[in-house]
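Have a look at the structure below, then the notes.
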Amino acid sequence: MDQDKLMAFVGKFVGDLGATIAAGSVVIGERLGLYRALAQKAQTPQELADATGTDARYVEEWLRGQAAGGYVQYDDDGVYSMTEEQAFALTDPEGPVFVPGAFQLALGSLQALPQITEAIRTGVGVGWHEHDKDVFEGCERFFRPGYLASLTTDWLPALDGVEQKLRDGARVADIGCGHGSSTVLMARSYPDATFRGSDYHEPSIAEARRRAEDAGVAERTTFEAASAQTFGGGPYDLVTTFDALHDMGDPLGAARHVRESIAPDGTWMIVEPFAGDSVADNLNPVGRVYYSFSTFLCVPNALSQQGGYALGAQAGESAIRRLVTDAGFTRFRRVAETPFNIVYEARP
């Protein structure tokens, strides 16, 4: 045995173990307002506890762990602070990067450890609706920053002729909309267009309706509890699926239904996790994140549904192209990408 290689692996393990248990501390820091208060000014543990109505001894230990992990700064005089970059990523849920949401999703996913263990043993599925509520909230908070940063500024403008249609009053279907963040964001940006969101998870649809009401777009935005293979309405000028197609047990059936529901000159925008076509392409930090989430969420959900597919979060462009083509679309291209997503355009 090569001792240097062994110790290198042990070092990797220590880093991963620290990150795993620290995930809970990140969510606690966000929920208790610790990050937001510390971002305002440098403080001692007692000062931070006083500012947030928390216990100083717990806060002291929390701060030490955060400093060890590089999430806050420590000065030798016992004062803690945050850099501009740390505050940017840890305190603003409306910004393009929001770290606590990702950890909330991860912790919510891990709540299903017993069910997923049994599923791996037996091959049964675990539906999205069977997960902890932190999965639904964390999923939105993980992906929403990317939508806020790119959807109306980069992704929609990259589609052929779509932005003008939206300005002129397009009809849009948002499939697998979850809490409706993507639907509401588009509705707020294009006030002459009408939107119909759908998701098979009824509690998420109820939340989406509340979000639309709060945003003042409810008159132009409707939601229905329906699967991707049965959503109603049409013909649509634009159909969107955000990080959802790979989760479906029957994505081909969904693609065919989109094809039937779209206008002759319509567009399907497919947003999927960033992935290459081969396993080797995805052996990197982003691939590791998505393969791990896929083991707990995407593949179990697909296997809980009829259809025979379990694409997983790292399906890659070739698999998506094949589905789209098999469903009857004749044009397909990649139009945009970020470190976490790839955006495809499909047309009849």
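Values in this text are rule-based calculations from the coordinates and carry no lab data. Everything numeric here is computed off the predicted structure, so don't read it as measured data. No Cβ is skipped: glycine too gets one built from the backbone with ideal geometry, and neighbour counts run over all protein chains shown.
How would you rank 343, 10, going from fewest to most other Cβ atoms within 10 Å of each one's own Cβ?
10, 343
Taking 0.36 nm per residue of separation and subtracting the current Cα-Cα distance, fully stretching the chain between residue 46 and residue 281 would add 79.8 nm. One entry in [x] 57, 45, 40; [y] 68, 55, 32; [z] 61, 47, 36 is Cα extents along the principal axes in Å calculated from the shown coordinates; its label is [y].
Listed peptides 255-268, 291-304 appear in the order 291-304, 255-268 once ranked by packing, highest mean of other Cβ atoms within 10 Å at the front. Mean separation of Cα pairs under 8 Å and 6 or more residues apart, divided by the residue count, gives the range 106-347 a relative contact order of 20 percent.
Once you have the Cα-Cα distance between residue 2 and residue 14, take 0.36 nm times their residue separation minus that, and quote the gain in nm to one decimal. Intermediate values should be presented prior to the final figure.
Numbers: separation 12, 0.36 × 12 = 4.32 nm, distance 1.86 nm.
That pair, residue 2 and residue 14, stretches by 2.5 nm at full extension.
Among 309, 74, the ranking by other beta carbons within 10 Å of each residue's beta carbon, starting with the fewest, stands as 74, 309. Each peptide in 147-159, 186-198 gets a packing score, the mean of other Cβ atoms within 10 Å over its residues, and the list from highest to lowest is 186-198, 147-159. Among complete DSSP H helices in the chain, those whose alpha-carbon atoms stretch at least 27 Å along the helix's long axis and whose mean Kyte-Doolittle hydropathy reaches -0.5 are 3-31. Distance between the modelled labels on residue 189 and residue 117, one decimal in nanometres: 4.3 nm (7 Å Cα→Cβ projection).
In the chain, the DSSP-assigned H stretches of four residues or longer account for a calculated mean residue ellipticity at 222 nm of -15000 deg cm²/dmol, using -39500 (n - 2.57) per stretch and the full residue count as denominator.
Beta bridges per DSSP, both residues in the range 106-347: antiparallel share near 40 percent.
The charge dipole of the chain, taken about its Cα centre with unit charges on the Cβ of Lys, Arg, Asp and Glu (plus for the first two, minus for the last two), comes to roughly 840 debye. For residue 64 and residue 334, a Förster radius of 35 Å and the Cβ-Cβ distance give a FRET efficiency of 0.20, rounded to the nearest 0.05.
Taking all pairs of different Cα atoms in the range 12-159, averaging 1/r and flipping that mean, what Kirkwood radius in angstroms comes out? Every distinct Cα pair counted, the radius reaches 17.1 Å. Remark: 97, 72 ranked as 97, 72, counting other beta-carbon atoms within 10 Å and listing the fewest first.
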